[in-house]
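Report on the structure given below.
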Protein chains: 4
Amino acid sequence: MNTHLLLVDCPDEPGLVSKITGVLYRHGLNVTSNHEFVDQNTAYFFMRTEFTAEEDPEPLVPEVRSILPQEARVRLVQPGDRRIVVLASREHHCLAELLIRHAYGELGASIVAVLSNHATLAPLAEKFGVPFHYASHEGFERPAHEAEIHRLIEQYTPDYIVLAKYMRILTPEFVSQYPSRIINIHHSFLPAFVGARPYQQAFERGVKIIGATAHFVTHDLDEGPIIAQSVIPVDHSHSPADMAQAGRDVEKLVLAKALKLVFEERVFLSGNRTIVFD
Amino acid sequence: MNTHLLLVDCPDEPGLVSKITGVLYRHGLNVTSNHEFVDQNTAYFFMRTEFTAEEDPEPLVPEVRSILPQEARVRLVQPGDRRIVVLASREHHCLAELLIRHAYGELGASIVAVLSNHATLAPLAEKFGVPFHYASHEGFERPAHEAEIHRLIEQYTPDYIVLAKYMRILTPEFVSQYPSRIINIHHSFLPAFVGARPYQQAFERGVKIIGATAHFVTHDLDEGPIIAQSVIPVDHSHSPADMAQAGRDVEKLVLAKALKLVFEERVFLSGNRTIVFD
Amino acid sequence: MNTHLLLVDCPDEPGLVSKITGVLYRHGLNVTSNHEFVDQNTAYFFMRTEFTAEEDPEPLVPEVRSILPQEARVRLVQPGDRRIVVLASREHHCLAELLIRHAYGELGASIVAVLSNHATLAPLAEKFGVPFHYASHEGFERPAHEAEIHRLIEQYTPDYIVLAKYMRILTPEFVSQYPSRIINIHHSFLPAFVGARPYQQAFERGVKIIGATAHFVTHDLDEGPIIAQSVIPVDHSHSPADMAQAGRDVEKLVLAKALKLVFEERVFLSGNRTIVFD
Amino acid sequence: MNTHLLLVDCPDEPGLVSKITGVLYRHGLNVTSNHEFVDQNTAYFFMRTEFTAEEDPEPLVPEVRSILPQEARVRLVQPGDRRIVVLASREHHCLAELLIRHAYGELGASIVAVLSNHATLAPLAEKFGVPFHYASHEGFERPAHEAEIHRLIEQYTPDYIVLAKYMRILTPEFVSQYPSRIINIHHSFLPAFVGARPYQQAFERGVKIIGATAHFVTHDLDEGPIIAQSVIPVDHSHSPADMAQAGRDVEKLVLAKALKLVFEERVFLSGNRTIVFD
């Protein structure tokens, strides 16, 4: 008995749950978990169904599709390890968290390679036996550097690309090659700060909370759909460096949590929002 | 168009979602929200379906029942104000929170009466125009006092009884008259403390977190199914009185949150656990 | 024996703690709590000393001042109820929280009056016997309306003015009349949203956290020094109205917490940041 | 200029802060941070002073001692890396967190060795170049096994011993060799559970929060003074295994946080409580 996931999204109409689960029932499949949600704002329907089957359930798909609106998106996937390429720069905390979880089978994915525009983290990746590619951005125009990154990524055919404190801005052209497949983590503050040295700004403003946001990357780097967020309290005795350390602790856990949700196919996109079946 | 809730729980078997939603679909009803869960531990199925209907959907119920296992529990209810009686003693914080929410239509229930074994809170209830009954326990055997409380409650025919810091222990006999209909709030600590003066004990142990638990009351007062929990950080500079104040802040919000979940019929019982569709 | 607070801030120099506590010691006073902090960024020193005395300790002040740098700010105050005027508009949650705490002696202040540009909350203030003044802004130029608010405030000689969801923007001229004496609460998001209908924007962006910030009001309304912040998790199933309700719960507790810190003289200003001795 | 820490605890009496800081001032030392606290419950005084000095400040100590009550404990230490031995069993998460922080200089300590009663974690320690000693408990009486652990520890002369999910109970005899020098992390629940399989019990009870507590080990294993605590929310959809994973995430961060506080000498003992100057 293997576990499968049926993932559906389409414009809402009456009877969708009944019709979809009806197909599964007629095929004698055992549903172990089911989530659905209608975004009232857009009248769109989302459904994630986990079921077990002895034989290949692929024949289900056209049958499900036939009862749904034309625009429906239907996917049948197996849970289990995704292949990911991690991009990082010089900060180790997120990459280390992912490598440890990868090493102990807790990530829901295999890290097939680490790419970086610095050599700093090579020893860390190597400790865990993961290929590390150093592609410096120095002396390259942005398109040329991105082409190299793209070439390196492609040889690994990953399911997702994870930006684990990768400090280069990606062009819309690059991002458009991986729609809804790039996940980023970045620090967040109340209020938000624009410009350089955000922890220095947060310190000068005396914020009492440091946060982190994991999100899909769209053409607008830090503005893609949010997958997970968390915060940690700080106070006046925290220097900018202390705030940055507090931020790192929350960043690594939020990133790991978001990835788990994505790899388990619990995250759907609804415009610029996510529906998260956790 | 009125909104209705169909609430089902029964032993799990294949096709339940398809069958139940099929009935709704055949009746032309519009499902606006649907949650289901199978407790793998007990192989029990739980479902909460919100739908809108122009006419009385009562005829659905026998039809749904006919396709479910014999032991199935099927309820059709309308959302909207429940009737509650609040029992309190001398502490005001939980009662005040509920009265404010009641006054502004945010409680999901109407407080039809406040009962107390002290007169202390009478002025508070009266500010909000809610009947207050003072039934001192002094000079009464426990059964006699409980009989009086029971008599007072019964004249209001409430849906639920809320213990908002009611400091009398209820007998199993009393509790059994209101199965899954009494909700209590109490402070919680890591670790737990037994015996008197828990905040003094928590202080002496130097706990760094103060918590609160809202739960259904069963025969074993503080051991019923947990509906909601939350915590608040404290430190060595908090006196026992400061800890108690911190505890009050978390208690009142946890109680209000738990009640909202219960009144919206989002809470199912599975043995001594709750399934909460939030 | 009465409790007193000695509050000092001045440019840092060696020996400040020794000199200040030396004066207290020579006067035979019993220090019960002492906090000091040097802001390394600005080389400024802050100190809050709580002590008990049988006689009037006022003679201390010139002696303390004589050993400190010229620019030192020295205040000797007694803890205990501050007088506050609360400004509100139509939302009840913050005002209700403050009124309840006021009624039960938990606010650290007496609410001497409530002012509003709407009549909506009059019944709430009246329940608690607090004078309510309705000063509509309609038909008035902003300076004229503010002059009326100022006139109403002044007749109560409050220590602090609390904006408990007062939805009018205050001019720099008004604010400059109450330096570091106006405290505001406002919702906060990760990321921040500008413009109208912030909860609608937060919903469309799919935020997973809703926050609140209590701060002193300076000429730039929402940009003054932050006193306290907190957050609450939300998810895709929260409508904008649900998010607003979650926001209200966190706003009222953050405001109450910030006020307690201010009224106990635990909050110092260091440029645009606060030093909070909690 | 080196940084030093002066750590004092003694029965409270008037003038302590003035006297102690007076000694530092007369020696021309620059205090950069100062914390003091009087435990009103026990009338005990605690003080942590951070200062910079060009020369060896050791001569201060007898001078400070001479002005304090007889029972005073005075320590002068330098901040900076402590030496720690980590004891673990089979779970990797806490050890991995400490090794990563150690490798990047974020732990405030050097892990000089890892000891275990299982061989499981040897490859992990070796990745980070830390000596690993496997001392199985099988076939040994408890005293004999502890003697071996003691022998292994002693060859590294550590400042602290960290139990990073070490699943053997230590005897009072063993613990008494390292007073206030053994730190443990363990899961915590609201309510607490005794006996085997706590996550299974937590699941069956339907807890909504999973916590972790870091504490000093005294003769009563899980009852020593608490250093830090934190929690993470869970719900009915979490299996016991999911709860355990959530617990691991909170355990590793709480342990790391507690160790940083201890290594920076911010934690004082007051009976069975801690005073934490953070």
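Some values worked out for this structure:
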item	result
Sequence-separation-based contact order of chain C, relative, with Cα cut under 8 Å and 6+ spacing, percent	15
Inter-site label distance for B:Ser239 and A:Val77 at 7 Å from Cα along Cβ, in nm	5.7
Relative contact order (%) - criterion: Cα under 8 Å, at least six apart; region: the stretch D:15-83	27
Taking the C-alpha atoms of chain A, convex hull volume expressed per residue in Å³	150
Whether the stretch B:34-73 is rounded, prolate or oblate, judged on the alpha carbon gyration tensor where a/c under 1.5 counts as rounded	oblate
Cα-Cα pairs of the protein assembly as shown separated by more than 41 Å (percent)	49
Angle between chain D longest axis and helix D:93-103 axis [Cα atoms, degrees, rounded to 10]	40
Angle between chain B longest axis and helix B:142-154 axis [Cα atoms, degrees, rounded to 10]	50
Interface D:C - total buried accessible surface [probe 1.4 Å, Å², rounded to 100]	1200
Built amide H within the under 5 Å cut-off of A:His118, gap 5+	A:Ala135
Antiparallel bridge percentage (DSSP; both residues within the protein assembly as shown; nearest 5)	70
Whole-percent carbon and sulfur share, accessible surface of the stretch B:1-160, 1.4 Å	47
Shape call, the stretch B:228-278: gyration tensor on alpha carbons, a/c limit 1.5	prolate
Label-point gap, in nm, between D:Ser180 and B:Tyr104 - each point 7 angstrom along Cα→Cβ	4.8
Interface residues, the stretch C:155-203 - accessible area loss of 40 Å² or more versus chain alone, probe 1.4 Å	C:Leu190, C:Phe203
Taking the C-alpha atoms of the stretch C:67-151, convex hull volume expressed per residue in Å³	139
Cβ-Cβ FRET estimate between A:Glu204 and D:Asn272, R0 fixed at 51 Å, reported to 0.05	0.80
Kirkwood Rh, angstrom, the stretch D:140-278 [1 / mean 1/r, Cα pairs]	16.1
Helical mean residue ellipticity (222 nm; -39500 (n - 2.57) per DSSP H run of 4+; nearest 500) of chain D	-9000 deg cm²/dmol
Overall form of the stretch D:69-223 per C-alpha gyration tensor (a/c, 1.5; a/b vs b/c)	rounded
FRET efficiency estimate (nearest 0.05) - Cβ-Cβ, C:Glu126 to B:Glu63, R0 45 angstrom	0.25
Area of D:Met1 that stays accessible when all protein chains are in place (1.4 Å probe, Å², to 10)	140
In Å², nearest 10: area of B:Lys127 left accessible to a 1.4 Å probe	70
Paramagnetic label zone (point 7 Å from Cα along Cα-to-C-beta, C:Ala135; backbone N under 11 Å) in the stretch C:214-235	none
Ellipsoid semi-axes in whole angstrom, largest first, where each is sqrt(5λ) of the Cα gyration tensor of the stretch B:113-184	19, 15, 11
For chain B, accessible area per residue (1.4 Å probe, heavy atoms of protein chains only), Å²	39
Whole-Hz couplings from phi, Karplus 6.51/-1.76/1.60, listed for the stretch C:226-237; x for Gly and Pro	7, 9, 8, 9, 7, 9, 9, x, 9, 9, 4, 7
Complex-versus-alone comparison for the stretch B:14-29, residues with a loss of 40 Å² or more in accessible area, probe 1.4 Å	B:Pro14, B:Ser18, B:Tyr25
Accessible area, probe 1.4 Å, largest first, for residues C:Ile232, D:Ile111	C:Ile232, D:Ile111
Two-site FRET efficiency, A:Ala196 against A:Glu173, from Cβ-Cβ distance with R₀ of 30 Å, rounded to 0.05	0.75
Area accessible to solvent at C:Asp159, 1.4 Å probe radius, in Å²	60
Principal axis dimensions, the stretch D:1-155 - Cα atoms, whole angstrom, descending	58, 35, 26
At least 50 Å² accessible surface lost relative to isolated chain, residues of the stretch C:106-133 (1.4 Å probe)	C:Glu106, C:Lys127
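The values are calculated or read from the model by the stated rules, or taken from the named source; none is laboratory data. Only a predicted model underlies this, so the values are computations on that prediction, with no experimental measurement involved. In this analysis, Cβ positions are derived from the backbone assuming ideal geometry, glycine residues included, and neighbour counts consider all displayed protein chains. The area values use the complete protein model at the heavy-atom level, side chains included, leaving out ligands, DNA and RNA. Shrake-Rupley method; radii C 1.70, N 1.55, O 1.52, S 1.80 Å.
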